[in-house]
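A quick write-up on the structure given underneath.
The values are calculated or read from the model by the stated rules, or taken from the named source; none is laboratory data. All values reported here derive from a predicted model rather than from experimental measurement. Here the Cβ positions follow ideal geometry from the backbone for every residue, glycine too, while neighbour counts run over all protein chains shown. Please note that ligands, DNA and RNA were not included when accessible areas were found on the heavy atoms of the full protein model with its side chains. Shrake-Rupley method; radii C 1.70, N 1.55, O 1.52, S 1.80 Å.
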Amino acid sequence: MDSQHWRAVITAAQSGDRRALDELVAGWLPLVYNIVGRALNGHADVDDVVQETMLRAVDNLGSLRDPDSFRSWLVAIAMRQIRDRARRRTPDRLEEAAASDFAELTVLRLQLEGQRREVAEAVRWLDDEDRQLLSLWWLEVAGELTRRELAAAVGITRQHAAVRVQRMKERLETSRGIVRALDGACPDLRELTGRWNGRPDSVWRKRLARHIRGCGYCGDTHETVVPAERLLVGIALVPLPVGFTLSLAFGGKTAVAATSAGWSAKLLGALTKPAVAMTAGATMVAGGAYVVTQPPEAPPPRAAVTPTATATSGPPPSATPSPSPTPTPSPSATKKADLYGTVVDAVDRAPDPNARPAVLPRRPESGITSTGGPKAVMQHRGDSVTLSGQGYVLVRWQISPHARPGAVVMPTWTGLKGKLFHVASGGSRRMDDPLPGAPNGYATGMGGPDIGYAVLPPGTQQMWQNEYFYVDGTVTLTQNERGCDYGIAVFPSDWQAVDKDVNEGPEQGAIRYGLVRDTGTDNAPVPQYVTRSAPADPATVPQRSRV
(Lines give C-alpha, C1' and ligand atoms only; values in the text may rest on other atoms or scores of the structure.)
Protein backbone atom coordinates (compact mmCIF):
# COMPACT_ATOMS: atom_id res chain seq x y z
CA MET A 1 0.00 0.00 0.00
CA ASP A 2 3.00 2.32 0.33
CA SER A 3 3.87 2.11 -3.38
CA GLN A 4 3.64 5.04 -5.73
CA HIS A 5 1.48 2.87 -7.98
CA TRP A 6 -1.40 2.58 -5.49
CA ARG A 7 -1.18 6.26 -4.64
CA ALA A 8 -1.60 7.03 -8.34
CA VAL A 9 -4.48 4.56 -8.72
CA ILE A 10 -6.35 6.00 -5.74
CA THR A 11 -5.82 9.57 -6.89
CA ALA A 12 -7.06 8.68 -10.38
CA ALA A 13 -10.11 6.85 -8.98
CA GLN A 14 -10.97 9.89 -6.86
CA SER A 15 -11.00 11.93 -10.08
CA GLY A 16 -13.49 9.58 -11.72
CA ASP A 17 -11.11 7.38 -13.75
CA ARG A 18 -13.12 4.18 -14.40
CA ARG A 19 -10.10 1.97 -15.07
CA ALA A 20 -8.46 3.12 -11.85
CA LEU A 21 -11.68 2.40 -9.95
CA ASP A 22 -11.79 -1.07 -11.54
CA GLU A 23 -8.22 -1.76 -10.43
CA LEU A 24 -8.79 -0.36 -6.95
CA VAL A 25 -11.87 -2.49 -6.27
CA ALA A 26 -10.41 -5.65 -7.82
CA GLY A 27 -7.14 -5.22 -5.95
CA TRP A 28 -8.67 -4.76 -2.49
CA LEU A 29 -11.80 -6.90 -2.72
CA PRO A 30 -9.98 -10.15 -1.70
CA LEU A 31 -8.63 -8.48 1.47
CA VAL A 32 -12.09 -7.26 2.50
CA TYR A 33 -13.64 -10.63 1.68
CA ASN A 34 -11.12 -12.43 3.92
CA ILE A 35 -11.59 -10.02 6.83
CA VAL A 36 -15.38 -10.23 6.69
CA GLY A 37 -15.49 -13.96 5.91
CA ARG A 38 -13.23 -14.88 8.81
CA ALA A 39 -14.88 -12.44 11.24
CA LEU A 40 -18.33 -13.87 10.46
CA ASN A 41 -17.07 -17.41 9.75
CA GLY A 42 -18.82 -17.55 6.40
CA HIS A 43 -22.26 -16.52 7.72
CA ALA A 44 -24.95 -15.83 5.12
CA ASP A 45 -24.42 -12.10 5.72
CA VAL A 46 -20.82 -12.16 4.46
CA ASP A 47 -21.69 -11.15 0.90
CA ASP A 48 -23.91 -8.32 2.13
CA VAL A 49 -21.24 -6.96 4.48
CA VAL A 50 -18.55 -7.14 1.78
CA GLN A 51 -20.90 -5.41 -0.63
CA GLU A 52 -21.72 -2.64 1.85
CA THR A 53 -18.04 -2.17 2.74
CA MET A 54 -16.93 -1.73 -0.86
CA LEU A 55 -19.92 0.47 -1.64
CA ARG A 56 -19.15 2.78 1.28
CA ALA A 57 -15.47 2.87 0.31
CA VAL A 58 -16.33 3.93 -3.24
CA ASP A 59 -19.02 6.30 -1.99
CA ASN A 60 -16.61 8.09 0.37
CA LEU A 61 -13.43 7.82 -1.69
CA GLY A 62 -13.43 11.55 -2.33
CA SER A 63 -13.16 12.22 1.41
CA LEU A 64 -9.88 10.29 1.72
CA ARG A 65 -7.17 12.92 2.05
CA ASP A 66 -4.09 10.69 2.22
CA PRO A 67 -3.89 7.84 -0.31
CA ASP A 68 -1.21 6.19 1.86
CA SER A 69 -3.86 5.59 4.53
CA PHE A 70 -6.26 3.84 2.14
CA ARG A 71 -5.70 0.33 3.46
CA SER A 72 -6.25 1.21 7.13
CA TRP A 73 -9.23 3.36 6.10
CA LEU A 74 -10.76 0.48 4.12
CA VAL A 75 -10.17 -2.05 6.90
CA ALA A 76 -11.78 0.32 9.42
CA ILE A 77 -14.86 0.57 7.18
CA ALA A 78 -15.05 -3.23 7.00
CA MET A 79 -14.84 -3.56 10.79
CA ARG A 80 -17.59 -0.96 11.27
CA GLN A 81 -19.84 -2.88 8.90
CA ILE A 82 -19.11 -6.12 10.76
CA ARG A 83 -20.02 -4.50 14.10
CA ASP A 84 -23.13 -2.88 12.61
CA ARG A 85 -24.23 -6.27 11.29
CA ALA A 86 -23.82 -7.76 14.77
CA ARG A 87 -26.02 -5.04 16.28
CA ARG A 88 -28.68 -5.54 13.60
CA ARG A 89 -28.99 -9.30 14.06
CA THR A 90 -32.39 -10.46 15.20
CA PRO A 91 -32.84 -13.48 17.50
CA ASP A 92 -34.20 -15.61 14.65
CA ARG A 93 -31.05 -14.97 12.61
CA LEU A 94 -28.73 -16.00 15.42
CA GLU A 95 -29.50 -19.63 14.66
CA GLU A 96 -29.16 -19.20 10.90
CA ALA A 97 -26.66 -21.64 9.44
CA ALA A 98 -23.54 -20.34 7.77
CA ALA A 99 -23.80 -20.08 4.02
CA SER A 100 -20.31 -21.53 3.70
CA ASP A 101 -18.32 -22.21 6.87
CA PHE A 102 -15.21 -20.04 6.38
CA ALA A 103 -13.00 -22.34 8.45
CA GLU A 104 -13.83 -25.22 6.12
CA LEU A 105 -13.45 -22.96 3.10
CA THR A 106 -9.99 -21.91 4.32
CA VAL A 107 -8.93 -25.53 4.79
CA LEU A 108 -10.20 -26.67 1.39
CA ARG A 109 -9.24 -23.72 -0.80
CA LEU A 110 -5.75 -23.37 0.68
CA GLN A 111 -5.26 -27.14 1.16
CA LEU A 112 -4.21 -26.74 4.80
CA GLU A 113 -3.03 -29.78 6.69
CA GLY A 114 -1.80 -30.68 10.18
CA GLN A 115 -1.62 -27.89 12.70
CA ARG A 116 -2.44 -25.22 10.12
CA ARG A 117 -5.76 -26.97 9.52
CA GLU A 118 -6.21 -27.15 13.29
CA VAL A 119 -5.81 -23.35 13.64
CA ALA A 120 -8.32 -22.68 10.87
CA GLU A 121 -10.90 -24.98 12.44
CA ALA A 122 -10.32 -23.55 15.94
CA VAL A 123 -11.75 -20.24 14.73
CA ARG A 124 -15.24 -21.76 15.02
CA TRP A 125 -14.88 -21.86 18.82
CA LEU A 126 -14.11 -18.16 19.26
CA ASP A 127 -16.66 -15.55 20.30
CA ASP A 128 -17.64 -12.89 17.78
CA GLU A 129 -15.31 -10.24 19.23
CA ASP A 130 -12.31 -12.57 19.22
CA ARG A 131 -13.11 -13.76 15.71
CA GLN A 132 -13.24 -10.17 14.48
CA LEU A 133 -9.84 -9.45 16.02
CA LEU A 134 -8.45 -12.72 14.64
CA SER A 135 -9.55 -11.74 11.13
CA LEU A 136 -7.15 -8.80 11.38
CA TRP A 137 -4.35 -10.51 13.33
CA TRP A 138 -4.30 -13.40 10.84
CA LEU A 139 -3.62 -10.87 8.06
CA GLU A 140 -1.04 -9.05 10.18
CA VAL A 141 0.92 -12.26 10.65
CA ALA A 142 0.60 -13.03 6.92
CA GLY A 143 2.09 -9.63 6.08
CA GLU A 144 -1.11 -8.05 4.72
CA LEU A 145 -1.65 -5.58 7.58
CA THR A 146 0.53 -3.73 10.08
CA ARG A 147 -0.10 -3.57 13.83
CA ARG A 148 -0.83 0.14 13.45
CA GLU A 149 -3.55 -0.67 10.92
CA LEU A 150 -4.97 -3.41 13.13
CA ALA A 151 -5.22 -1.05 16.09
CA ALA A 152 -6.77 1.71 13.97
CA ALA A 153 -9.37 -0.67 12.56
CA VAL A 154 -10.43 -1.78 16.04
CA GLY A 155 -10.30 1.80 17.32
CA ILE A 156 -7.80 1.26 20.13
CA THR A 157 -4.16 2.11 20.86
CA ARG A 158 -1.33 -0.17 19.79
CA GLN A 159 -0.63 -0.97 23.46
CA HIS A 160 -4.24 -1.99 24.04
CA ALA A 161 -4.18 -3.94 20.78
CA ALA A 162 -1.21 -5.94 22.06
CA VAL A 163 -3.17 -6.91 25.18
CA ARG A 164 -6.30 -7.78 23.17
CA VAL A 165 -4.32 -9.88 20.69
CA GLN A 166 -2.57 -11.77 23.50
CA ARG A 167 -5.88 -12.65 25.18
CA MET A 168 -7.37 -13.71 21.86
CA LYS A 169 -4.34 -15.92 21.16
CA GLU A 170 -4.81 -17.62 24.54
CA ARG A 171 -8.42 -18.46 23.69
CA LEU A 172 -7.33 -19.58 20.22
CA GLU A 173 -4.83 -22.00 21.76
CA THR A 174 -7.59 -23.35 24.02
CA SER A 175 -9.75 -23.83 20.94
CA ARG A 176 -6.93 -25.61 19.14
CA GLY A 177 -6.73 -28.03 22.03
CA ILE A 178 -10.46 -28.72 21.66
CA VAL A 179 -10.12 -29.42 17.93
CA ARG A 180 -7.19 -31.73 18.64
CA ALA A 181 -9.06 -33.56 21.40
CA LEU A 182 -12.21 -34.01 19.31
CA ASP A 183 -10.06 -35.69 16.66
CA GLY A 184 -8.84 -38.15 19.30
CA ALA A 185 -10.38 -41.25 20.83
CA CYS A 186 -10.83 -40.34 24.50
CA PRO A 187 -13.81 -42.42 25.81
CA ASP A 188 -14.61 -39.88 28.55
CA LEU A 189 -14.74 -37.09 25.97
CA ARG A 190 -17.09 -39.14 23.80
CA GLU A 191 -19.39 -39.58 26.76
CA LEU A 192 -19.25 -35.86 27.58
CA THR A 193 -20.03 -34.78 24.01
CA GLY A 194 -22.96 -37.18 23.74
CA ARG A 195 -25.18 -34.31 24.88
CA TRP A 196 -23.57 -31.78 22.52
CA ASN A 197 -25.44 -30.66 19.38
CA GLY A 198 -22.19 -30.28 17.43
CA ARG A 199 -22.37 -26.48 17.22
CA PRO A 200 -19.34 -24.70 18.78
CA ASP A 201 -20.19 -22.10 21.41
CA SER A 202 -18.61 -20.50 24.47
CA VAL A 203 -20.43 -22.75 26.96
CA TRP A 204 -19.14 -25.95 25.38
CA ARG A 205 -15.73 -24.39 24.87
CA LYS A 206 -15.44 -23.95 28.65
CA ARG A 207 -16.76 -27.47 29.35
CA LEU A 208 -14.39 -29.13 26.92
CA ALA A 209 -11.46 -26.99 28.09
CA ARG A 210 -12.08 -28.12 31.69
CA HIS A 211 -12.13 -31.75 30.58
CA ILE A 212 -8.90 -31.39 28.60
CA ARG A 213 -7.07 -29.74 31.51
CA GLY A 214 -7.94 -32.69 33.77
CA CYS A 215 -7.55 -35.49 31.21
CA GLY A 216 -4.22 -37.22 30.75
CA TYR A 217 -5.30 -38.60 27.41
CA CYS A 218 -6.56 -35.36 25.84
CA GLY A 219 -3.85 -33.24 27.46
CA ASP A 220 -1.06 -35.27 25.85
CA THR A 221 -0.56 -33.81 22.35
CA HIS A 222 2.10 -36.40 21.35
CA GLU A 223 3.85 -33.66 19.38
CA THR A 224 5.25 -30.18 19.75
CA VAL A 225 2.54 -27.55 19.38
CA VAL A 226 3.69 -24.83 16.99
CA PRO A 227 2.61 -21.26 17.91
CA ALA A 228 -0.29 -20.09 15.77
CA GLU A 229 1.56 -17.08 14.37
CA ARG A 230 4.26 -19.32 12.89
CA LEU A 231 1.64 -21.54 11.30
CA LEU A 232 -0.17 -18.59 9.74
CA VAL A 233 2.95 -17.03 8.20
CA GLY A 234 2.70 -17.09 4.44
CA ILE A 235 -0.85 -18.45 4.22
CA ALA A 236 -2.42 -16.77 1.23
CA LEU A 237 -5.72 -14.93 1.15
CA VAL A 238 -8.64 -17.28 0.60
CA PRO A 239 -9.66 -16.75 -3.05
CA LEU A 240 -13.06 -15.31 -3.82
CA PRO A 241 -15.54 -18.15 -4.42
CA VAL A 242 -16.60 -18.88 -7.98
CA GLY A 243 -19.78 -17.00 -8.76
CA PHE A 244 -19.16 -14.31 -6.11
CA THR A 245 -20.86 -11.14 -7.36
CA LEU A 246 -20.23 -7.61 -6.15
CA SER A 247 -22.50 -4.91 -7.53
CA LEU A 248 -21.35 -1.34 -7.20
CA ALA A 249 -24.14 0.10 -9.30
CA PHE A 250 -25.21 2.64 -6.63
CA GLY A 251 -26.02 -0.25 -4.28
CA GLY A 252 -29.63 0.01 -5.45
CA LYS A 253 -29.62 3.81 -5.34
CA THR A 254 -31.11 5.96 -8.06
CA ALA A 255 -28.84 8.52 -9.66
CA VAL A 256 -30.62 11.26 -7.72
CA ALA A 257 -30.16 9.43 -4.40
CA ALA A 258 -26.54 8.74 -5.19
CA THR A 259 -25.94 12.39 -5.99
CA SER A 260 -27.57 13.49 -2.76
CA ALA A 261 -25.38 11.01 -0.87
CA GLY A 262 -22.32 12.85 -2.08
CA TRP A 263 -21.30 10.91 -5.19
CA SER A 264 -19.29 13.15 -7.50
CA ALA A 265 -20.41 13.66 -11.08
CA LYS A 266 -17.15 12.14 -12.31
CA LEU A 267 -17.58 9.06 -10.14
CA LEU A 268 -21.21 8.65 -11.20
CA GLY A 269 -20.10 8.82 -14.80
CA ALA A 270 -17.39 6.22 -14.14
CA LEU A 271 -19.80 3.80 -12.52
CA THR A 272 -22.44 4.09 -15.24
CA LYS A 273 -20.05 4.05 -18.19
CA PRO A 274 -20.14 0.65 -19.94
CA ALA A 275 -16.82 -1.13 -19.47
CA VAL A 276 -15.39 -4.58 -19.08
CA ALA A 277 -12.10 -5.00 -17.23
CA MET A 278 -10.43 -8.36 -16.52
CA THR A 279 -8.45 -8.07 -13.31
CA ALA A 280 -7.47 -10.37 -10.46
CA GLY A 281 -9.60 -13.28 -11.64
CA ALA A 282 -12.74 -11.14 -11.80
CA THR A 283 -14.70 -9.30 -14.45
CA MET A 284 -16.21 -5.86 -14.04
CA VAL A 285 -19.11 -5.42 -16.45
CA ALA A 286 -21.36 -2.55 -17.35
CA GLY A 287 -23.25 -1.32 -14.30
CA GLY A 288 -20.42 -1.98 -11.88
CA ALA A 289 -20.81 -5.69 -11.09
CA TYR A 290 -17.80 -7.87 -10.29
CA VAL A 291 -18.29 -11.55 -11.04
CA VAL A 292 -15.52 -14.06 -10.29
CA THR A 293 -14.75 -15.93 -13.48
CA GLN A 294 -12.34 -18.61 -12.24
CA PRO A 295 -13.70 -21.95 -13.57
CA PRO A 296 -14.84 -24.41 -10.89
CA GLU A 297 -12.41 -27.06 -12.11
CA ALA A 298 -9.40 -24.78 -11.65
CA PRO A 299 -7.13 -26.15 -8.92
CA PRO A 300 -7.07 -24.14 -5.68
CA PRO A 301 -3.86 -22.27 -4.88
CA ARG A 302 -1.55 -24.15 -2.56
CA ALA A 303 -0.73 -22.65 0.78
CA ALA A 304 2.79 -21.39 1.28
CA VAL A 305 5.17 -23.88 2.89
CA THR A 306 5.57 -23.04 6.56
CA PRO A 307 7.21 -24.86 9.48
CA THR A 308 5.13 -27.78 10.73
CA ALA A 309 5.09 -29.60 14.03
CA THR A 310 7.64 -32.07 12.75
CA ALA A 311 10.06 -29.35 11.77
CA THR A 312 9.98 -26.94 14.68
CA SER A 313 13.66 -27.29 15.49
CA GLY A 314 14.94 -26.87 11.96
CA PRO A 315 14.26 -24.96 8.77
CA PRO A 316 10.89 -24.96 7.08
CA PRO A 317 10.51 -27.93 4.74
CA SER A 318 11.50 -27.31 1.15
CA ALA A 319 9.30 -28.43 -1.69
CA THR A 320 11.34 -30.93 -3.67
CA PRO A 321 9.44 -32.23 -6.68
CA SER A 322 12.60 -32.82 -8.67
CA PRO A 323 16.19 -33.55 -7.68
CA SER A 324 17.38 -31.97 -10.92
CA PRO A 325 18.61 -28.34 -10.67
CA THR A 326 17.08 -27.52 -14.06
CA PRO A 327 14.39 -29.17 -16.13
CA THR A 328 15.54 -31.31 -19.05
CA PRO A 329 13.67 -30.89 -22.33
CA SER A 330 11.86 -34.03 -23.44
CA PRO A 331 12.96 -35.66 -26.72
CA SER A 332 9.55 -34.96 -28.23
CA ALA A 333 9.80 -31.26 -27.47
CA THR A 334 13.51 -30.57 -28.06
CA LYS A 335 12.91 -27.89 -30.66
CA LYS A 336 10.50 -25.98 -28.43
CA ALA A 337 12.68 -26.30 -25.32
CA ASP A 338 15.68 -24.91 -27.20
CA LEU A 339 13.93 -21.57 -27.61
CA TYR A 340 15.07 -18.87 -25.21
CA GLY A 341 12.76 -18.35 -22.27
CA THR A 342 11.11 -21.76 -22.27
CA VAL A 343 13.21 -23.16 -19.41
CA VAL A 344 12.35 -21.44 -16.12
CA ASP A 345 14.05 -22.15 -12.80
CA ALA A 346 12.45 -25.08 -10.98
CA VAL A 347 12.30 -25.89 -7.27
CA ASP A 348 15.35 -28.04 -6.58
CA ARG A 349 17.01 -29.96 -3.77
CA ALA A 350 20.21 -28.82 -2.14
CA PRO A 351 23.14 -30.80 -3.58
CA ASP A 352 25.31 -32.91 -1.30
CA PRO A 353 27.75 -30.63 0.58
CA ASN A 354 30.71 -32.42 -1.01
CA ALA A 355 29.27 -32.48 -4.55
CA ARG A 356 31.55 -30.52 -6.86
CA PRO A 357 29.77 -28.10 -9.21
CA ALA A 358 29.74 -28.63 -12.95
CA VAL A 359 32.09 -26.60 -15.14
CA LEU A 360 30.85 -23.04 -15.50
CA PRO A 361 30.41 -22.07 -19.18
CA ARG A 362 32.10 -18.84 -20.15
CA ARG A 363 29.94 -16.23 -21.86
CA PRO A 364 31.11 -13.05 -23.59
CA GLU A 365 31.69 -10.06 -21.29
CA SER A 366 31.76 -6.47 -22.44
CA GLY A 367 30.84 -5.12 -19.02
CA ILE A 368 27.72 -4.24 -17.02
CA THR A 369 26.62 -0.75 -16.05
CA SER A 370 24.30 -0.36 -13.07
CA THR A 371 22.15 2.61 -12.09
CA GLY A 372 23.02 1.67 -8.52
CA GLY A 373 26.77 1.85 -9.06
CA PRO A 374 29.22 -0.91 -8.10
CA LYS A 375 27.05 -1.95 -5.14
CA ALA A 376 23.31 -1.26 -5.05
CA VAL A 377 21.74 -2.12 -1.67
CA MET A 378 17.96 -2.42 -1.82
CA GLN A 379 16.26 -2.57 1.57
CA HIS A 380 12.76 -1.27 0.91
CA ARG A 381 9.77 -2.08 -1.27
CA GLY A 382 10.04 -0.27 -4.59
CA ASP A 383 13.85 0.06 -4.61
CA SER A 384 15.18 -0.86 -8.05
CA VAL A 385 18.31 -0.98 -10.16
CA THR A 386 18.63 -1.14 -13.95
CA LEU A 387 21.43 -3.24 -15.44
CA SER A 388 22.70 -2.80 -19.00
CA GLY A 389 25.39 -4.45 -21.06
CA GLN A 390 26.81 -7.93 -21.39
CA GLY A 391 28.20 -9.75 -18.39
CA TYR A 392 27.64 -11.28 -14.96
CA VAL A 393 25.70 -9.89 -12.00
CA LEU A 394 25.68 -11.00 -8.35
CA VAL A 395 22.48 -10.72 -6.28
CA ARG A 396 23.29 -11.27 -2.60
CA TRP A 397 20.46 -12.08 -0.16
CA GLN A 398 19.92 -10.93 3.41
CA ILE A 399 16.72 -12.28 5.00
CA SER A 400 15.61 -10.52 8.22
CA PRO A 401 12.90 -12.53 10.01
CA HIS A 402 14.20 -11.17 13.32
CA ALA A 403 12.76 -7.82 12.19
CA ARG A 404 9.58 -9.33 10.76
CA PRO A 405 8.98 -12.96 9.75
CA GLY A 406 6.37 -13.90 7.22
CA ALA A 407 5.71 -14.37 3.54
CA VAL A 408 8.44 -13.23 1.14
CA VAL A 409 7.27 -11.23 -1.86
CA MET A 410 10.05 -12.01 -4.32
CA PRO A 411 12.07 -9.42 -6.26
CA THR A 412 11.22 -9.23 -9.94
CA TRP A 413 13.04 -8.65 -13.23
CA THR A 414 11.06 -6.32 -15.52
CA GLY A 415 11.46 -4.47 -18.80
CA LEU A 416 13.83 -7.10 -20.17
CA LYS A 417 15.35 -6.24 -23.54
CA GLY A 418 17.66 -9.00 -24.73
CA LYS A 419 18.35 -12.11 -22.67
CA LEU A 420 18.78 -12.98 -19.00
CA PHE A 421 20.06 -16.31 -17.63
CA HIS A 422 20.42 -17.77 -14.14
CA VAL A 423 23.98 -19.08 -14.29
CA ALA A 424 24.98 -20.21 -10.78
CA SER A 425 24.26 -20.23 -7.03
CA GLY A 426 27.00 -19.74 -4.44
CA GLY A 427 27.92 -18.04 -1.22
CA SER A 428 28.82 -21.41 0.35
CA ARG A 429 25.23 -22.11 1.47
CA ARG A 430 21.55 -22.16 0.61
CA MET A 431 19.52 -19.81 2.73
CA ASP A 432 17.66 -22.74 4.31
CA ASP A 433 20.89 -24.51 5.38
CA PRO A 434 21.26 -24.97 9.18
CA LEU A 435 23.60 -22.41 10.71
CA PRO A 436 25.60 -23.93 13.61
CA GLY A 437 25.84 -21.47 16.46
CA ALA A 438 23.67 -18.92 14.65
CA PRO A 439 22.99 -15.76 16.71
CA ASN A 440 19.75 -14.01 17.59
CA GLY A 441 17.44 -17.00 17.34
CA TYR A 442 18.39 -18.01 13.80
CA ALA A 443 18.46 -21.72 12.97
CA THR A 444 18.89 -21.12 9.23
CA GLY A 445 19.27 -18.12 6.96
CA MET A 446 15.47 -18.20 6.63
CA GLY A 447 14.91 -17.81 10.37
CA GLY A 448 14.34 -20.08 13.34
CA PRO A 449 11.79 -21.20 15.93
CA ASP A 450 12.64 -18.29 18.24
CA ILE A 451 12.15 -15.50 15.73
CA GLY A 452 9.92 -17.08 13.07
CA TYR A 453 10.66 -17.97 9.47
CA ALA A 454 10.77 -16.28 6.10
CA VAL A 455 8.44 -18.27 3.84
CA LEU A 456 8.72 -18.42 0.05
CA PRO A 457 5.69 -18.47 -2.26
CA PRO A 458 4.72 -22.02 -3.31
CA GLY A 459 6.88 -23.28 -6.18
CA THR A 460 9.58 -20.64 -5.70
CA GLN A 461 13.15 -21.85 -5.93
CA GLN A 462 15.00 -21.61 -2.62
CA MET A 463 17.65 -18.91 -3.00
CA TRP A 464 21.31 -19.26 -2.02
CA GLN A 465 23.34 -16.56 -0.27
CA ASN A 466 24.73 -15.52 -3.66
CA GLU A 467 22.79 -15.85 -6.90
CA TYR A 468 24.52 -15.12 -10.22
CA PHE A 469 22.88 -14.01 -13.45
CA TYR A 470 24.08 -13.20 -16.95
CA VAL A 471 22.64 -10.14 -18.66
CA ASP A 472 22.85 -9.55 -22.40
CA GLY A 473 20.79 -6.41 -22.88
CA THR A 474 18.88 -4.35 -20.32
CA VAL A 475 16.72 -5.32 -17.36
CA THR A 476 15.45 -3.76 -14.10
CA LEU A 477 15.48 -5.63 -10.77
CA THR A 478 12.95 -4.41 -8.18
CA GLN A 479 12.77 -5.21 -4.46
CA ASN A 480 9.14 -6.02 -3.56
CA GLU A 481 9.32 -6.44 0.22
CA ARG A 482 5.92 -6.56 1.85
CA GLY A 483 5.70 -9.41 4.36
CA CYS A 484 9.02 -10.65 5.67
CA ASP A 485 11.83 -8.10 5.81
CA TYR A 486 14.68 -8.74 3.41
CA GLY A 487 17.39 -6.92 1.55
CA ILE A 488 19.35 -7.64 -1.60
CA ALA A 489 22.64 -6.20 -2.82
CA VAL A 490 23.41 -6.12 -6.54
CA PHE A 491 27.00 -6.14 -7.83
CA PRO A 492 28.24 -6.23 -11.43
CA SER A 493 30.63 -9.20 -11.45
CA ASP A 494 32.67 -11.35 -13.83
CA TRP A 495 33.19 -15.00 -14.80
CA GLN A 496 36.26 -15.46 -12.58
CA ALA A 497 34.40 -14.31 -9.46
CA VAL A 498 31.48 -16.64 -10.16
CA ASP A 499 33.75 -19.62 -10.84
CA LYS A 500 35.74 -19.00 -7.66
CA ASP A 501 32.61 -18.66 -5.49
CA VAL A 502 30.92 -21.89 -6.59
CA ASN A 503 34.14 -23.89 -6.12
CA GLU A 504 34.69 -22.81 -2.51
CA GLY A 505 33.41 -25.85 -0.66
CA PRO A 506 33.39 -27.44 2.80
CA GLU A 507 37.16 -27.73 3.07
CA GLN A 508 37.23 -23.93 3.39
CA GLY A 509 34.74 -24.12 6.26
CA ALA A 510 31.71 -23.45 4.07
CA ILE A 511 28.53 -25.54 4.27
CA ARG A 512 28.54 -26.72 0.65
CA TYR A 513 29.96 -26.10 -2.79
CA GLY A 514 27.97 -23.93 -5.16
CA LEU A 515 25.72 -25.04 -8.00
CA VAL A 516 26.23 -24.30 -11.71
CA ARG A 517 22.96 -23.86 -13.59
CA ASP A 518 24.18 -22.49 -16.91
CA THR A 519 24.27 -24.91 -19.85
CA GLY A 520 26.04 -22.40 -22.05
CA THR A 521 23.18 -22.36 -24.54
CA ASP A 522 19.73 -20.82 -24.94
CA ASN A 523 18.19 -23.58 -22.82
CA ALA A 524 19.97 -22.38 -19.69
CA PRO A 525 17.38 -21.53 -17.00
CA VAL A 526 15.61 -18.18 -17.06
CA PRO A 527 15.00 -16.66 -13.58
CA GLN A 528 11.57 -16.89 -12.05
CA TYR A 529 9.62 -13.62 -11.86
CA VAL A 530 10.96 -12.10 -15.09
CA THR A 531 9.02 -10.29 -17.83
CA ARG A 532 9.67 -8.11 -20.84
CA SER A 533 6.84 -5.81 -19.81
CA ALA A 534 7.14 -2.95 -17.33
CA PRO A 535 4.09 -3.24 -15.02
CA ALA A 536 3.13 -0.33 -12.80
CA ASP A 537 3.52 -2.63 -9.79
CA PRO A 538 6.49 -4.99 -10.32
CA ALA A 539 5.25 -7.25 -7.49
CA THR A 540 2.51 -8.49 -9.83
CA VAL A 541 4.93 -10.26 -12.21
CA PRO A 542 3.91 -13.95 -12.51
CA GLN A 543 6.26 -16.59 -11.19
CA ARG A 544 6.69 -18.21 -14.60
CA SER A 545 6.39 -15.48 -17.19
CA ARG A 546 7.02 -16.25 -20.84
CA VAL A 547 10.05 -14.35 -22.14
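Quick one: Cα convex hull volume of the range 135-205, Å³ per residue?
108 Å³
How much of the accessible area of the range 341-391, in percent, comes from carbon and sulfur atoms when a 1.4 Å probe is used?
Values: 1390 of 2710 Å².
Ligands and nucleic acids excluded, carbon and sulfur reach 51 percent.
Return one whole number: the accessible area per residue of the range 403-479 in Å², for a 1.4 Å probe.
27 Å²
List the residues whose amide H sits under 5 Å from the amide H of residue 427, counting only those 5 or more places along or on another chain, with H placed 1.01 Å from N in the peptide plane.
Those lying under 5 Å, H to H, from residue 427 are 466.
Taking θ as phi - 60°, what are the ³J(HN,Hα) couplings along the range 446-461 by the Karplus curve (6.51, -1.76, 1.60), each to the nearest whole Hz, with x for Gly and Pro?
9, x, x, x, 7, 10, x, 10, 7, 10, 7, x, x, x, 7, 5
Ranked from highest to lowest mean number of other Cβ atoms within 10 Å per residue, what is the order of the peptides 339-345, 509-515?
Working: 339-345: 17.6, 509-515: 19.6.
With the highest mean Cβ count within 10 Å placed first, the list reads 509-515, 339-345.
Could you sort 424-433, 144-153, 455-464 so that the peptide with the highest average Cβ count within 10 Å comes first and the rest follow in order? Could you put the intermediate results ahead of the total?
Numbers: 424-433: 23.6, 144-153: 20.1, 455-464: 21.6.
In descending order of packing, they fall as 424-433, 455-464, 144-153.
Among 11, 29, 49, whose Cα sits farthest toward the positive end of the charge dipole of the range 11-71 (+1 at Cβ of Lys/Arg, -1 at Cβ of Asp/Glu, about the Cα centre)?
Sorting the options by dipole projection puts first 11.
Find out how many positive minus negative residues lie around residue 77, taking Lys and Arg as positive, Asp and Glu as negative, among other residues whose Cβ is under 12 Å from that of residue 77.
Computed value for this residue: +1.
Give the long-range amide H neighbours of residue 383: residues separated by 5 or more places, or on another chain, with amide H under 5 Å away, using H modelled in the peptide plane at 1.01 Å from N.
Long-range HN contacts for residue 383: 479.
Taking θ = phi - 60°, what integer Hz values does the Karplus form 6.51 cos²θ - 1.76 cosθ + 1.60 yield along the range 64-77, in sequence order, with x for Gly and Pro?
Computed from phi, the couplings for the range 64-77 are 6, 7, 10, x, 5, 9, 4, 4, 5, 5, 5, 5, 5, 4 Hz.
With θ set to phi - 60° and the Karplus curve 6.51 cos²θ - 1.76 cosθ + 1.60, what are the ³J(HN,Hα) couplings of the range 365-380 in order, to the nearest whole Hz, using x for Gly and Pro?
10, 10, x, 10, 9, 10, 5, x, x, x, 8, 9, 9, 10, 10, 10
Among 184-196, 474-486, how do they line up from the highest to the lowest mean number of other beta-carbon atoms within 10 Å? Write out the running numbers ahead of the final one.
Numbers: 184-196: 12.5, 474-486: 21.8.
Averaged packing, sorted descending, gives the order 474-486, 184-196.
With Cβ to Cβ distances under 12 Å as the rule, what net charge do the other residues near residue 35 carry (K, R +1; D, E -1)? If you can, show how the numbers build up before the last one.
On the way: positive: 38, 71, 80, 131; negative: 140, 144, 149.
Once all neighbours under 12 Å are counted, the net charge is +1.
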